[in-house]
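Peer 1: Let me begin by handing over the structure; questions about it come next.
The values are calculated or read from the model by the stated rules, or taken from the named source; none is laboratory data. Just so you know, these numbers come straight off a predicted model, no measurement behind them. Every residue, glycine as well, gets a Cβ built from its backbone with ideal geometry; the counts of neighbours run over all protein chains shown.
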Amino acid sequence: MGILDSFKSEAQRNFIARADEAKDDIIYKYPERNIRLLTQLTVQADEVAIFVKDGVIAGKLGPGRHNLDTNNVPFISALLEKVTGGNLFIAEVYFVTLREFASIKFGGPIGDVRDPDTSLGIGTMVYGDFSLKVHDPEKLVLGLVGMRKASNDEFLGWFKSQVLKTTRDRIAELIVKKKWPLLDVTSGAFTEEIETEVIGGVKQHVEPYGVTVVRFGNFTVSIKPEDEQTLKKLSKDAAYSKMAGGFQQYAQGQAMLGAAEGMAKGGEGAGNAMGGMGMGMGFGMANMFAQQQAQNNANAAASNAAAVAPASAARSVADRIKELNELKTAGLLTEDEYASKKAELLKQL
């Protein structure tokens with residue numbers, strides 16, 4: 001090191017400020033601990049300087065230029081080292097920015113989340129960005145010093161882990177409690193609700209450190225494309241099954257649809273028409289099976305009503321005839337079937 005460099009280094013020790021390369025850091029620790037009296041400290045308009053010794057905050061200074069002597073800054077008297085003749089004090093100086101920091105990116109795996117519609121466990125991711133603001137710099141510095149994470153990179157790494165952990169827990173909890181379909185969650189339908197829950201959840205973890213998440217931006221929950229296709233197919237099958245009257249009827253309709261599509265492929269010109277007719281045939285057959293099943297159930301109920309003797313006087317032949325009439329009115333018994341069953345009941349009189 002030359003004489004000029006030594007002079008420059010010595011001059012810098014008479015001035016303390018945030019380094020230029022750390023202008024956009026949330027927290028910046030001044031590298032020197034041995035500070036001379038009468039050193040000039042510069043604090044920018046959007047920050048505060050915190051003095052720490054032996055893990056305890058000795059004092060803080062707001063925006064402006066400060067001459068570090070006991071007359072201007074009374075708390076410095078408690079930091080003076082007697083062995084130096086009172087010309088030097090030892091302290092760690094932290095600069096903490098108080099403005100809101102936006103567009104801090106985060107992301108990572110949530111883990112397997114069980115989809116309420118299909119009961120499948122699907123690997124889920126979350127990513128986006130958020131903004132944070134320091135509202136109590138003293139709490140932040142003490143907390144970080146206690147965790148030995150006093151650098152800006154260490155602080156951000158810790159803070160992002162808190163956001164991701166809370167996001168992971170809250171999303172899984174919301175899907176289970178509110179039975180949100182995973183496809184709706186990944187589509188962004190519940191983004192606002194999730195953001196509100198995550199901000200509230202993060203607050204309880206970081207509030208003791210004097211920091212808060214102000215808002216989220218570009219908040220996205222995602223799954224793999226192949227998992228998305230699987231969920232879409234299963235959801236589609238479930239919807240068609242409901243339309244057809246049940247899974248058995250849907251399966252029968254699908255079988256008929258497959259047969260019709262095979263017929264459609266046999267003719268070149270009528271392919272599209274046959275394909276459409278196949279779909280109609282499939283669902284038509286499914287409905288027919290459903291109606292036939294309902295008819296069979298009605299016939300069985302009517303036969304049982306006619307065959308079983310009254311259990312008590314309260315259940316008379318007239319009551320059973322009335323039930324048969326209701327089945328006929330509902331369209332589940334024909335006139336002939338109704339007349340036949342009624343005749344059988346009347347023979348019991």
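Peer 1: Could you please tell me which pairs satisfy a Cβ distance under 8 Å, a separation of 6+ or placement on different chains, a first residue in segment 186-213 that is without any contact (Cβ under 8 Å) to a residue 24 or more places away in the chain, and a second residue that is of a type in the set (Lys, Arg) and not in a helix (DSSP H, G or I)?
Peer 2: Listed by first residue and then by second, the contacts come to ILE199/ARG215.
Peer 1: Restricting to strands (runs of 3 or more DSSP E) lying wholly in segment 89-204: which have 1 or more residues that are at pLDDT below 90?
Peer 2: Working: elements: 92-97, 101-114, 121-134.
By residue number, 101-114.
Peer 1: Separate question: Among the candidates SER187, SER151, SER119, single out the residue that is out of contact with any His (no Cβ under 9 Å at 6 or more places or on another chain), in the same structural domain as VAL213 (by TED's automatic domain parsing), hydroxyl-bearing (Ser, Thr, Tyr) and within 30 Å of VAL52 (Cα to Cα).
Peer 2: Details: SER187 fails: within 30 Å of VAL52 (Cα to Cα); SER119 fails: within 30 Å of VAL52 (Cα to Cα).
Every option except SER151 fails the conditions.
Peer 1: Return the residues of segment 109-145 that are under 23 Å from GLU195 (Cα atoms), among the aliphatic types (A, V, I, L, M) and over 22 Å from the mean Cα position of the chain (by Cα); say none if nothing qualifies.
Peer 2: VAL134, the sole residue that qualifies.
Peer 1: For ARG65, indicate whether it is closer than 18 Å to GLU138 by Cβ and not polar (S, T, N, Q). It would help to see each step written out before you state the result.
Peer 2: Numbers: closer than 18 Å to GLU138 by Cβ: no; not polar (S, T, N, Q): yes.
So ARG65 fails the test.
Peer 1: Report yes if some residue within segment 171-182 is closer than 18 Å to GLY123 by Cβ, surrounded by 13 or more Cβ atoms within 10 Å (Cβ to Cβ) and either assigned by TED's automatic domain parsing to the domain that holds ALA49 or without any contact (Cβ under 8 Å) to a residue 60 or more places away in the chain (or both); otherwise report no.
Peer 2: yes
Peer 1: Let me ask something else about it. Within segment 22-58, take every residue that is among the aliphatic types (A, V, I, L, M) and in a loop (DSSP other than H, G, I, E, B) and give me the one that is nearest to LYS139 (Cα to Cα). Can you show your working first?
Peer 2: Step one: of segment 22-58, the residues among the aliphatic types (A, V, I, L, M) are 22, 26-27, 35, 37-38, 41, 43, 45, 48-50, 52, 56-58.
Adding the requirement that they be in a loop (DSSP other than H, G, I, E, B) leaves 26, 37-38, 45.
On the way: ILE26: 14, LEU37: 27, LEU38: 28, ALA45: 20 Å.
It comes out as ILE26.
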